[in-house]
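K.L.:
Pasting a structure below so you can have a look.
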Amino acid sequence: MKELYITRPMPEKVLAAARDRFSVTLRTQNTPLKKGEMRAALVLYDVVMPTLGDLFTAEVFEGMSDARCRLLANFGVGYNHIDVAAARAAGIAVTNTPGAVTEATADIALMLMLMSARRAGEGERLVRAGKWTGWNPTQMLGLHLGGKTCGIVGMGRIGQAIARRAHFGLGMEVMYHNRSAKALDMPARQIASLEALMEQSDVVVLAVPGGTETRHMIGAAQLAAMRPHAHLINIARGDVVDEAALIAALQAGQIAGAGLDVYEHEPAVPEALRQMENVTLLPHLGTAALDVREEMGMMALANAIAHLEGRALPNAV
Ligand code: NAP
């Protein structure tokens with residue numbers, strides 16, 4: 001049997017399916033792999049199933065052209081933690097798990113939009129603290145999303161799932177910024193300029209992939225384009241936003257609030273963000289549901305099995 005290395009504890013269903021086809025070594029810690037562990041894994045196993053946080057930099061692939069591992073079957077759609085060009089140069093293929101994560105992640109985006117606009121976190125903290133003095137006509141007024149504009153940055157699978165929810169669910173107008181044109185099954189306007197999108201949106205939602213091309217795509221200039229009542233939602237990757245610039249914009253009242261699922265230096269979340277009532281903070285919950293994680297695992301395994309059988313990889317990146 002071929003050797004498969006799985007870098008984190010996984011749902012039982014995924015492990016059982018993996019053990020049917022591979023001799024499985026399961027790493028039982030929930031921490032990112034260290035460089036030495038990554039290099040050892042490439043040498044010792046036929047397939048490695050890494051995930052978010054396992055930083056496969058170019059350095060990790062140095063001298064690995066003859067290593068045993070020929071496939072990194074990533075658990076997750078985002079693969080900005082893997083230097084794919086360096087992997088390819090070492091003859092190691094990379095796959096991901098698109099689709100499996102789309103609807104669940106879009107749900108979290110909607111949750112953050114609503115929580116941020118309607119001040120849900122702040123309200124919940126008020127009630128929990130025993131400080132709520134009762135309903136009144138001007139208590140905790142937020143932003144009603146119906147009829148407002150949702151600006152989506154990155155209109156891919158998740159961006160479109162967010163757009164459908166915002167339009168058909170909340171009655172929002174949708175506009176988006178994306179490099180290529182998209183054939184959509186709903187009304188939405190493409191905006192060529194990112195700043196123009198930020199300026200015209202009541203809620204901006206980020207759904208681009210992470211990586212060098214999108215690092216700090218949202219910085220001081222883009223935040224300055226937003227209006228004071230607008231909210232920024234990030235379910236993409238933390239470093240798409242210049243976190244220091246976001247803190248400054250929030251502190252200056254340039255924007256009304258932010259809803260974040262991801263952070264620039266995850267899992268570190270700046271104290272300044274944690275102190276602000278108008279910031280909603282989630283611990284990277286995008287795909288955190290058992291059936292979603294099972295589907296992601298089965299998809300990663302389908303790639304590993306295709307590799308084992310010499311078939312084309314279903315989700316090569
Ligand atoms: P996708 O289908 O590849 O969509 C990404 C979209 O972004 C594409 O439409 C792409 O189109 C656009 N894009 C890429 N670079 C851009 C740029 N510089 N400017 C404007 N648009 C750009 O990917 P997906 O499945 O929707 O996933 C998106 C990302 O969400 C993942 O890569 C991952 O990092 C993140 N994610 C987060 C969670 C979570 O738990 N919070 C869960 C799943 C995924 P063009 O290339 O034509 O511009």
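The values are calculated or read from the model by the stated rules, or taken from the named source; none is laboratory data. Nothing here was measured: the structure is a model prediction, and the numbers come from that model. Counting neighbours? That spans all protein chains shown, and the Cβs are built from the backbone with ideal geometry, glycine included. These area figures cover heavy atoms from the full protein model, side chains too; ligands, DNA and RNA do not enter into them. Shrake-Rupley method; radii C 1.70, N 1.55, O 1.52, S 1.80 Å.
Residues checked against (1) under 20 Å from residue 166 (Cβ atoms); (2) in contact with a helix residue (DSSP H, G or I) (Cβ under 8 Å, 6 or more places away or on another chain):
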{"residue": "192", "(1), (2)": "no, no"}
{"residue": "195", "(1), (2)": "no, yes"}
{"residue": "200", "(1), (2)": "yes, no"}
{"residue": "203", "(1), (2)": "yes, yes"}
{"residue": "214", "(1), (2)": "no, yes"}
{"residue": "220", "(1), (2)": "no, yes"}
{"residue": "237", "(1), (2)": "no, no"}
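K.L.:
Could you tell me which of the residues 146, 151 is closer than 22 Å to residue 114 by Cβ, within 15 Å of the ligand (Cβ to nearest atom) and not aliphatic (A, V, I, L, M)?
P.N.:
151
K.L.:
Are any of the residues in segment 260-272 over 20 Å from residue 121 (Cβ atoms) and not acidic (Asp, Glu)?
P.N.:
Within segment 260-272, one or more residues are over 20 Å from residue 121 (Cβ atoms) and not acidic (Asp, Glu).
K.L.:
Take the residues in segment 9-26 that are over 21 Å from residue 308 (Cα atoms) and not in a helix (DSSP H, G or I); name whichever of them is least open to solvent (accessible area, probe 1.4 Å).
P.N.:
11
K.L.:
Then there is this: Across segment 81-118, what is the total count of residues that are touching a strand residue (DSSP E or B) at 6+ places or on another chain (Cβ under 7 Å), within 16 Å of residue 162 (Cβ to Cβ) and of a type in the set (A, V, I, L, M, F, W, C)?
P.N.:
Of the residues in segment 81-118, 5 are touching a strand residue (DSSP E or B) at 6+ places or on another chain (Cβ under 7 Å), within 16 Å of residue 162 (Cβ to Cβ) and of a type in the set (A, V, I, L, M, F, W, C).
K.L.:
For residues in segment 195-220 being outside any loop (DSSP other than H, G, I, E, B) and in contact (Cβ under 8 Å) with a residue 40 or more places away in the chain, which is farthest from residue 268 (Cα to Cα)?
P.N.:
200
K.L.:
Restricting attention to segment 68-83, report how many residues are more than 10 Å from the ligand (Cβ to nearest atom) and surrounded by 19 or more Cβ atoms within 10 Å (Cβ to Cβ).
P.N.:
Number of matching residues: 8.
K.L.:
Restricting attention to segment 7-52, which residues are touching a strand residue (DSSP E or B) at 6+ places or on another chain (Cβ under 7 Å) and β-branched (Val, Ile, Thr)?
P.N.:
7, 24, 25, 47, 48, 51
K.L.:
Residue 47: more than 29 Å from residue 285 (Cα to Cα), more than 16 Å from the ligand (Cβ to nearest atom) and either within 24 Å of the chain's Cα centre (by Cα) or modelled with pLDDT of 95 or more (or both), yes or no?
P.N.:
no
K.L.:
I would also like to ask the following. Which of the residues spanning segment 108-148 are touching a residue at least 12 places away in the same chain (Cβ under 8 Å) and loosely packed, with under 10 Cβ neighbours inside 10 Å?
P.N.:
Hit for segment 108-148 is 146, nothing else.
K.L.:
Continuing with this model, one more query. Identify the residue in segment 155-184 that is away from the ligand (no atom under 15 Å from the Cβ) and in a loop (DSSP other than H, G, I, E, B) and, among all such residues, is surrounded by the most Cβ atoms within 10 Å (Cβ to Cβ).
P.N.:
Here the residue is 172.
K.L.:
Which of the numbered conditions does residue 109 fail, given that it passes all the others? Conditions: (1) within 20 Å of residue 174 (Cα to Cα); (2) under 26 Å from the mean Cα position of the chain (by Cα); (3) not in a helix (DSSP H, G or I).
P.N.:
(3)
K.L.:
Of the residues 223, 232, 250, 246, which is in contact (Cβ under 8 Å) with a residue 24 or more places away in the chain and assigned to a strand (DSSP E or B)?
P.N.:
Every option except 232 fails the conditions.
K.L.:
Let me ask you something else. Answer with yes or no whether residue 289 is within 16 Å of the ligand (Cβ to nearest atom) and surrounded by fewer than 16 Cβ atoms within 10 Å (Cβ to Cβ).
P.N.:
Working: within 16 Å of the ligand (Cβ to nearest atom): yes; surrounded by fewer than 16 Cβ atoms within 10 Å (Cβ to Cβ): yes.
Yes, satisfied.
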